[in-house]
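Take a look at the structure set out below.
The values are calculated or read from the model by the stated rules, or taken from the named source; none is laboratory data. Predicted model only: the values in this text are computed from it and were never measured. Cβ: placed from backbone, ideal geometry, glycine included. Neighbour counts: every protein chain shown.
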Amino acid sequence: MECNPLLGIATEDLFRKNSFRVSGLPVDATTREISKHIDKLKQMTELGLGGGARRGPLTLEPPPTPDDIREAHQNLKDPERRILDEFFWFWPEDFGSSQTDPSIQALAAGDCDTALAIWKAKETSPSDGVVAMHNIAVFWHVKALDTETKPGFKPLAHASRKQLETLWRDAVKRWGYLATDDALWDKVAGRVRQLSEARLTTGFVRRTRATLPTALRKIHAERALHYCQSGAMDLAQMHIGFMRAEGKDPAAADRAAELTLAPTITRVREHIRSAQQAADASPNTADHPARDLIDLGLPLRATFDLFYGTSTHPAKDLLDDIASTSTY
């Protein structure tokens, strides 16, 4: 039931690579509107005038490159990727009405305060609150990731953590509610029917719904690993807290941790094999690969304790393998 395309885009670049953010197009742009707009963007970007051609909410800095624009165009031609990029961008109250939707038009003009005020006024409405809540969740999610990844961000500063925590909390609490809200997924299913693409099925929507909790937690897991490796443990702990979500859906949190740590575990296991082979080939110098392996393994205990606590966990068996290989 996992949606692999969703897991693939669930990184710190979730919004940096969003096709609608790159292009400045609304989520309900038609195929013809997309082609015409992308052609204009390509021409102006190649002439060094890309900044003047961009229009849309939360425009990217630095501006998208010609390669970014080409990639966005290709993604918009892929029905599954398009619906995922739509999911993680701003919706009009009714798809097809972006040109007259007050909040979307405010965003297009760069007036985020007005857009937020419109959504906050509707967020608790039984009829259209789901769209407003979704858009607020996306907005704070964008702001959180933009803040963390912009040049000059100081991860060791206390003020940085407090600012980030506020941004993330505003996004996370809404995503937690939306993930299980039938009204949201009815909206997505309706949009799939509206697009009427053969490759885009209600089964894809079901997989997306089932995978969303893991995908959102995977972003936190990757940020936690990044901060753990750079020594910013306060921010690492903050992201682990959001990944664990106060114990809600522990299976999704464990899967997010597994996906995030898998490359590290694979890399270390390869080093173990190499150390064993080196020791077998040259027993007299076997202490050298053993020391290298120990140096590689020492930081892993802190990483595993961060993700799994100090209690035993199957992932920590890797530490025993390092120890036994080093003393082989």
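Given the condition part of a helix (DSSP H, G or I), touching a Ser or Thr at 6+ places or on another chain (Cβ under 8 Å), of a type in the set (S, T, N, Q) and closer than 22 Å to F304 by Cβ, answer yes or no: does some residue in the range 256-272 qualify? Steps first, please.
Narrowing the range 256-272 to residues part of a helix (DSSP H, G or I): 256-272.
Now drop any that are not touching a Ser or Thr at 6+ places or on another chain (Cβ under 8 Å), which leaves 256, 259, 261, 264, 272.
Filter again for of a type in the set (S, T, N, Q), leaving 264.
Those still in the list that are closer than 22 Å to F304 by Cβ too: 264.
Yes.
Within the range 182-193, residues that are touching a residue at least 40 places away in the same chain (Cβ under 8 Å) have Cβ atoms under 6 Å from residues that are hydrophobic (A, V, I, L, M, F, W, C) and part of a helix (DSSP H, G or I) in these pairs: A183/V130; L184/V130; L184/L178; V188/V205; V192/V205, counting only partners at least 6 apart in sequence or on another chain. Residues in the range 236-283 that are surrounded by 11 or more Cβ atoms within 10 Å (Cβ to Cβ), free of Cβ contacts under 8 Å to residues at least 12 places away in the same chain and of a type in the set (A, V, I, L, M): A262, A278. Of the set (1) closer than 19 Å to H226 by Cβ; (2) surrounded by fewer than 19 Cβ atoms within 10 Å (Cβ to Cβ); (3) modelled with pLDDT under 95, all apply to E148 but (2). Within the range 69-91, residues that are of a type in the set (F, W, Y) sit with their Cβ atoms under 7 Å from residues that are modelled with pLDDT under 95 and not in a helix (DSSP H, G or I), at 6+ positions apart or across chains, in these pairs: F90/P57.
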